[in-house]
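What follows is a set of notes on a single structure, which appears directly below.
The values are calculated or read from the model by the stated rules, or taken from the named source; none is laboratory data. No experiment lies behind these values; they were computed from the predicted model shown. Backbone-built Cβ (ideal geometry, glycine too); neighbour counts: all protein chains shown.
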Amino acid sequence: MSYKICFIEEEFSVSGGMRRIIEMANGLQAKGHEVTILLSLNGVSTKCEWMEVKAKVKRWDERDEYDIAIMNHAPVWPCMESIFARLKVYYWLGFEAAYFRYPTWQDAYKKPYYIIANSDWTADMAKLIYGKRPPVNYGGIDSKLFHPVKVKKEYELLCCCPEDKPEKGWFELKRAADILQLPIVNFATKNLPQEKLAEEYSKAKIFLASPLVEGFYFPTLEAMACGVPVIMTDCGGNRSYAKNNENCLIVPRNAGAFAEAIYLLQIDKELQNKFIKNGVITANQFTWRKCIDGFEKLLIKAYGDTNLSL
């Protein structure tokens, strides 16, 4: 049986969350469902410039009636309330109480939507709100985009941290690099096309990440897929794949701890090789096929009961 499904988004922002939504919309469309991405902000382009969208894309005023409506961002809950759908799903891509002011996330959390979490940590946070742990649907890695590339190791240190967002950790990483007098490259400022990302990751000797809170966090898993040793903080969502001293180093969120870990990894070739090998193995366990198949099963299971919440 096929379903008429819509994802309610604000715009096609360049982010891990939007990558997930586009991959899932495309995948569900390929499985025979009628999928639409509805853009709720006025005046934004319906064309995605950085990823191919195979599902339909419509403006909010072109919305229809749907079997299933899905939101993943607390500020769009008024749109979810005004749309007609038999099943309404709140796909938690993060713990939005950590991001938004109280009324925004509280209003979204009060609604009796069916909850799906994107990581084990996010599910744990949802349990604090609802008293019950929702099912988890992990993200995936596209091995055609993210894989080891044989290039010269030009970068001592690489990261992906928007410098205007302190919660992403650029200042801690820059300070750590300064302590060791090492150059650090931040590709968040480069606006690279998707097909160049594997090459960019592969140029690095070490990939660093210091986000404060994330629902899943793709960059470190992408770096692992490209065969790059990773040092990161515990940001919550990465607990679903990051294993300290097995496929990465997990350190406290301060420059001194990062500097110490960088030095340790630089002088320990055996540890580097261990992280390279185990990182690729880890990344290969997270595929979009698994993600889409699992998500579809959860939707089908929930669809039959219109009174189902969480």
Looking at this structure, is Ser40 touching a helix residue (DSSP H, G or I) at 6+ places or on another chain (Cβ under 7 Å) and more than 25 Å from Glu195 (Cβ to Cβ)? yes
Matching residues in segment 155-191 - criterion: being farther than 21 Å from Gly279 by Cβ, touching a helix residue (DSSP H, G or I) at 6+ places or on another chain (Cβ under 6 Å) and modelled with pLDDT of 95 or more: Glu172, Arg175, Ile179, Leu180
Tell me whether segment 289-300 contains one or more residues that are of a type in the set (Gly, Ala, Ser) and surrounded by fewer than 20 Cβ atoms within 10 Å (Cβ to Cβ). yes
Of Ser82, Ser119, the only residue that is under 28 Å from Leu38 (Cα atoms) and either touching a Pro at 6+ places or on another chain (Cβ under 9 Å) or crowded, with 16+ Cβ neighbours inside 10 Å (or both) is Ser119
More than 26 Å from Ala117 (Cβ to Cβ) and of a type in the set (Phe, Trp, Tyr): is that true of Phe295 in this structure? no
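Could you check segment 257-282 and list, in sequence order, the residues that are of a type in the set (S, T, N, Q) and either exposed (fewer than 13 other Cβ atoms within 10 Å of the Cβ) or farther than 18 Å from Leu221 by Cα (or both)?
Selection gives Gln266, Asn273.
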In segment 152-210, what residues are under 18 Å from Val230 (Cα atoms), part of a loop (DSSP other than H, G, I, E, B) and hydrophobic (A, V, I, L, M, F, W, C)? Cys160, Cys161, Leu182
Just checking, which of Val57, Val44 is free of Cβ contacts under 8 Å to residues at least 24 places away in the same chain and more than 16 Å from Gly215 (Cβ to Cβ)? Val57
